[in-house]
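**Student:** Below is a structure I'd like to ask you about.
The values are calculated or read from the model by the stated rules, or taken from the named source; none is laboratory data. All values derive from a computational prediction rather than experimental measurement. As a convention, Cβ positions derive from the backbone with ideal geometry for all residues, glycine included, and neighbour counts pool all protein chains shown.
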2 protein chains.
Amino acid sequence: MTREHSLSQIASKSEDFDRWYVDVVRRAELADYTPVRGCMVIRPYGYALWERTRDALDAMIKRTGHENMYFPLLIPESYLAKEAEHVEGFAPEVAWVTHGGDKELDERLAIRPTSETIICSMYADWIHSWRDLPVLINQWVNVCRWEKRTRLFLRTTEFLWQEGHTFHATDEEAAAEVDTMLECYRELAEDWLAMPVIKGRKTESERFAGARYTLSIEAMMSDGWALQAGTSHHLAQNFTTAYGIKYTDRTNTEQHPFQTSWGLSTRIIGGLIMAHGDEAGLIIPPRVAPIQVAVVPIARSNDDDAARLVEDACARLEREAGPDVRLRVDRREGLRPGDKFAHWELRGVPLRITVGARDLGDGQVTVVRRVDGGQTLEPLEGLGARLPDMLAAAQVATRARAQRLLDERSVDVSSLDELIAAFAERAVFASGPFCNLDECEAAVKAAVHAATVRNLRADRTADGAPCIACGRPAEDVALIARAY
Amino acid sequence: MTREHSLSQIASKSEDFDRWYVDVVRRAELADYTPVRGCMVIRPYGYALWERTRDALDAMIKRTGHENMYFPLLIPESYLAKEAEHVEGFAPEVAWVTHGGDKELDERLAIRPTSETIICSMYADWIHSWRDLPVLINQWVNVCRWEKRTRLFLRTTEFLWQEGHTFHATDEEAAAEVDTMLECYRELAEDWLAMPVIKGRKTESERFAGARYTLSIEAMMSDGWALQAGTSHHLAQNFTTAYGIKYTDRTNTEQHPFQTSWGLSTRIIGGLIMAHGDEAGLIIPPRVAPIQVAVVPIARSNDDDAARLVEDACARLEREAGPDVRLRVDRREGLRPGDKFAHWELRGVPLRITVGARDLGDGQVTVVRRVDGGQTLEPLEGLGARLPDMLAAAQVATRARAQRLLDERSVDVSSLDELIAAFAERAVFASGPFCNLDECEAAVKAAVHAATVRNLRADRTADGAPCIACGRPAEDVALIARAY
């Protein structure tokens, strides 16, 4: 696990982004392929990143009044089938359990691709009165979708996620919930993962199977492609009608509640990697970094006094950084400092401190910031206490760098010709008035290879400007991009 | 979800312990049955209890140097089959995936019953040198075992657990790891869940399939039956040989590492319920209680001044309890105080504070301790700040009560006749010298209906005293009990 890989072992990001991605994921030991088709193993460094991301979102989910619970992994086929559009959408990618021990089952069981159906089945028994509403729950679980083409973190047969499910007395309350949770996803993406995102509504063809509408956040990867990083669905009464969930309202009338669901998965770790990384490997925002500060001692082995001085300084940093800073002193033997630098760069550790005897003579150490390579000499005195501020600044710099990328690669277009021109040299986020007709969506796809309408932006309105495809007056502004 | 259930809706614990258990689990909304055979849904109150238990153990797992990661849910049949004894032990209870989408799979996939096999397959690629050891990892996941008879929390087709897996250079180091993790389980059971446990080694017939030996902790339920609450296995080189895991040691010789695994599951929540509950319902130890203090305001609806006084006192308690005390003011309308008392008693909340206008006239409120019904008048002044000490005392009292039960129901026996006599009136934990032969184990089973050797106690030695079954000199002291 400690064998070193030199930089040459990851592909050039500018030359082969896809290979760079896989190389970084594997060489930084975030995750790896397994013998199980389309399934990955998440290794300790990658899982620690997911744990911090999960904990941040879990706190938001609880802060907004939701409680965690746990529903079964296996869903009887008949339960899955009750909402017609839903089963049609998910059946092709379901993994089926047909045998328990030696016996063939009477009814086959789906490994959950998502849990609306089993949750509705249970809440049909638990919801009776307006007093039982709202129901605000969430679960952190694994799900399976039998994907044809898979990619570490981004698209795997099994993945980890949270799925929130809520029931409300009114349509408006459900709509507000859909917005609230999308805002939590934005907060997670922007304030924790340092990835600016565009909020909006998915088109009809891209909404969740069984939903009235789906909202998404879309992040820009550093190759200009988009990644859908979280979705929030208004399910209206589609499932509650199909599953017979009813409550008696204050006027003693039976009603079907309104429902929402929303999910965010390990996919977002893939987004984090592609949004921030560079030629040397990962760049991890400090707030979610498993290791925030790597300290590399440098001392010649033939100089005991210098070695002691260096070790004392490292120990002092460890002590003074305190429990809130995740600092690791790299005391591994038999590795050159350059190898250690490359090791921590590949892993995207936000700050590296080099502790050498010469600088220590002046009471100083060298601090290198991963996100921009900025290098400063810092007095050792009080450095431990200054680390939280330095990490906060690195967080801001990481976010600002991603924002600059998004700004540079965002283009407004008012016609298909302009759209084609915008994509002529590189992938961009193009925004233009859009009438939301199926044929106009098809025209966009046909105009630019692999580009699609990602969402109808929540922050923009077309105010009747002509649709870029058909020229008819449009209300929405579409975000158009190539997407993972 | 807020409808009230009166005490009469749970069976009498002394008359029908089994029904009492199911009633409490369902009425306190910890968990419930689902339409999926043998699978349960863990409801928010039960899941919050599991989250606190999990977080406490997760901190211990990390403190002892382990890292979390995530391996796939699905394991190809051929991987499961490589360790002969292991596959024989688990194959009868495996759920098999045979189809992905519309296609039949070339090889069927097991839903993990435990993950030694897939983990060994991966580490065969990752372990090469003595520098790669030890490997100390853990995962928190769901597993499936196709059980014939199921019971909420105690035995379900799907359950949640952690499974730790480690690889070591030496046999001794692996043995020390097995002990270390059993000690973590003891700490969790005793210091957090307030359940005293007996450590020991499982007999040959009860060890994990593929292990050299298995250690367990056994807790006493309040009906005198035992619950195996956690196990830690020394796998020797059985799996590492079968899966071809090799490393080069310091002398450049190829070796198979020594391996351990250890697991603790949602089953322990069932133990917590059965160890502490009483006729009124759950008794939850404060350290893991989702709600530690329930405040019930009492004011006549026709007295606005009194109502304001009571509400002010409740708000003050909320404020002064601070973020470290999990306090809930029960402001639900339309419920009588007696219903609210029963509600929080059923849910086992450690402290209940009754805030009434009359007591408040003297600056006082009534505090009732769930574990022993102890009732005191307390000055409202400074009560918030005193709650942590009162909760700590309730934790101690809960543990002491369980310890008394264990002491009262523990019996030393020196023969099968004494064993039979010990079980004549009630279930006990019987301890006696035991030679560990299969036929003596069978003799114990035959002597007392449903009793088995739970483990060979780690805290006792027979020193050559005669085995209770055959009379030959014994080294071990067996713990004999009826078990869930």
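**Student:** For the structure I just gave you, tell me whether residue A:194 is touching a residue at least 12 places away in the same chain (Cβ under 8 Å), at positive phi, touching a Pro at 6+ places or on another chain (Cβ under 8 Å) and among the hydrophobic types (A, V, I, L, M, F, W, C).
**Tutor:** Yes; evaluated as a whole, the condition is true for this residue.
**Student:** Sticking with this one: Of all residues being in contact with an Asp or Glu (Cβ under 7 Å, 6 or more places away or on another chain) and assigned to a strand (DSSP E or B) in the stretch A:98-108, which is farthest from the other protein chains (Cβ to nearest Cβ)? Just the residue, please.
**Tutor:** This residue is A:107.
**Student:** Please enumerate the residues belonging to the stretch B:115-125 that are more than 7 Å from chain A (Cβ to nearest Cβ), polar (S, T, N, Q) and not in a loop (DSSP other than H, G, I, E, B).
**Tutor:** B:117
**Student:** Does residue A:461 satisfy being modelled with pLDDT of 95 or more, among the β-branched types (Val, Ile, Thr) and under 30 Å from residue A:370 (Cβ atoms)?
**Tutor:** Taking the combined requirement at face value, the residue does not satisfy it.
**Student:** Residue check: is residue B:70 modelled with pLDDT under 95, farther than 15 Å from residue B:282 by Cα and in the same structural domain as residue B:154 (by TED's automatic domain parsing)?
**Tutor:** So residue B:70 fails the test.
**Student:** Tell me, yes or no, whether the stretch B:228-235 has at least one residue that is surrounded by fewer than 24 Cβ atoms within 10 Å (Cβ to Cβ), among the aliphatic types (A, V, I, L, M), at negative phi and in the same structural domain as residue B:80 (by TED's automatic domain parsing).
**Tutor:** Checking the stretch B:228-235: not a single residue is surrounded by fewer than 24 Cβ atoms within 10 Å (Cβ to Cβ), among the aliphatic types (A, V, I, L, M), at negative phi and in the same structural domain as residue B:80 (by TED's automatic domain parsing).
**Student:** What do you reckon, is residue B:160 facing chain A (nearest Cβ under 9 Å), modelled with pLDDT of 95 or more, in contact with a helix residue (DSSP H, G or I) (Cβ under 8 Å, 6 or more places away or on another chain) and within 21 Å of residue B:52 (Cα to Cα)?
**Tutor:** yes
**Student:** Collect the residues in the stretch A:299-325 that are assigned to a loop (DSSP other than H, G, I, E, B) and out of contact with any strand residue (DSSP E or B) (no Cβ under 7 Å at 6 or more places or on another chain), keeping them in residue-number order.
**Tutor:** If the condition is that a residue be assigned to a loop (DSSP other than H, G, I, E, B) and out of contact with any strand residue (DSSP E or B) (no Cβ under 7 Å at 6 or more places or on another chain), then A:299, A:300, A:301, A:302, A:303, A:322, A:323, A:324 are the ones that fit.
**Student:** Something else: With respect to residue A:51, determine if the residue is surrounded by fewer than 23 Cβ atoms within 10 Å (Cβ to Cβ), closer than 15 Å to residue B:139 by Cα and facing another protein chain (nearest Cβ under 7 Å).
**Tutor:** In short, yes.
**Student:** Give the stretch A:163-174 a look and list any residue that's of a type in the set (A, V, I, L, M, F, W, C) and either within 13 Å of chain B (Cβ to nearest Cβ) or surrounded by fewer than 22 Cβ atoms within 10 Å (Cβ to Cβ) (or both), or say none. Break it down into steps so the answer makes sense when it comes.
**Tutor:** Let us first name the residues in the stretch A:163-174 that are of a type in the set (A, V, I, L, M, F, W, C), namely A:167, A:169, A:174.
Across the stretch A:163-174, the qualifying residues are A:167, A:169.
**Student:** Continuing with the same structure: State whether the residues of the stretch B:4-12 include one that is modelled with pLDDT under 85, under 26 Å from residue A:167 (Cβ atoms) and either in contact with a strand residue (DSSP E or B) (Cβ under 6 Å, 6 or more places away or on another chain) or within 14 Å of another protein chain (Cβ to nearest Cβ) (or both). Break it down stepwise before answering.
**Tutor:** Looking only at the stretch B:4-12, we keep the residues that are modelled with pLDDT under 85, and these are B:4-9.
Still in the running and under 26 Å from residue A:167 (Cβ atoms): B:4-5, B:9.
Narrowing the set further to residues that are either in contact with a strand residue (DSSP E or B) (Cβ under 6 Å, 6 or more places away or on another chain) or within 14 Å of another protein chain (Cβ to nearest Cβ) (or both) leaves B:4-5.
Yes, there is a match, as at least one residue in the stretch B:4-12 is modelled with pLDDT under 85, under 26 Å from residue A:167 (Cβ atoms) and either in contact with a strand residue (DSSP E or B) (Cβ under 6 Å, 6 or more places away or on another chain) or within 14 Å of another protein chain (Cβ to nearest Cβ) (or both).
**Student:** Considering B:480, B:468, which residue is in contact with a helix residue (DSSP H, G or I) (Cβ under 8 Å, 6 or more places away or on another chain), among the β-branched types (Val, Ile, Thr), in contact (Cβ under 8 Å) with a residue 12 or more places away in the chain and assigned to a strand (DSSP E or B)?
**Tutor:** Answer to the selection: B:480.
**Student:** Same structure again: Which residues, taken from the stretch A:68-83, are facing chain B (nearest Cβ under 10 Å) and over 18 Å from residue A:105 (Cβ atoms)?
**Tutor:** Once the filter is applied, which keeps residues that are facing chain B (nearest Cβ under 10 Å) and over 18 Å from residue A:105 (Cβ atoms), the stretch A:68-83 yields A:68, A:69, A:70, A:71.
**Student:** Which of the following residues is more than 7 Å from every other protein chain (Cβ to nearest Cβ), in contact (Cβ under 8 Å) with a residue 24 or more places away in the chain and in contact with a Gly (Cβ under 9 Å, 6 or more places away or on another chain): A:128, A:86?
**Tutor:** The unique qualifying residue is A:86.
**Student:** Run down A:131, A:151 and say which single residue is closer than 30 Å to residue A:43 by Cβ and surrounded by fewer than 20 Cβ atoms within 10 Å (Cβ to Cβ).
**Tutor:** None of the others qualify; the one that does is A:151.
**Student:** Go through the stretch A:318-345 and give me each residue that's in contact with a helix residue (DSSP H, G or I) (Cβ under 6 Å, 6 or more places away or on another chain) and touching a residue at least 60 places away in the same chain (Cβ under 8 Å).
**Tutor:** Of everything in the stretch A:318-345, those that are in contact with a helix residue (DSSP H, G or I) (Cβ under 6 Å, 6 or more places away or on another chain) and touching a residue at least 60 places away in the same chain (Cβ under 8 Å) turn out to be A:320, A:321, A:325, A:327, A:342.
**Student:** Among the residues of the stretch A:415-432, are any of a type in the set (Asp, Glu), at pLDDT 95 or above, within 28 Å of the chain's Cα centre (by Cα) and outside any loop (DSSP other than H, G, I, E, B)?
**Tutor:** no
**Student:** Restricting attention to the stretch B:357-414, which residues are hydroxyl-bearing (Ser, Thr, Tyr), surrounded by 15 or more Cβ atoms within 10 Å (Cβ to Cβ) and assigned to a strand (DSSP E or B)?
**Tutor:** B:366, B:410 - these are the residues of the stretch B:357-414 that are hydroxyl-bearing (Ser, Thr, Tyr), surrounded by 15 or more Cβ atoms within 10 Å (Cβ to Cβ) and assigned to a strand (DSSP E or B).
**Student:** Take the stretch A:295-313 and flag every residue that is within 19 Å of residue A:367 (Cβ to Cβ) and modelled with pLDDT under 90.
**Tutor:** Within the stretch A:295-313, just A:299 meets the criteria.
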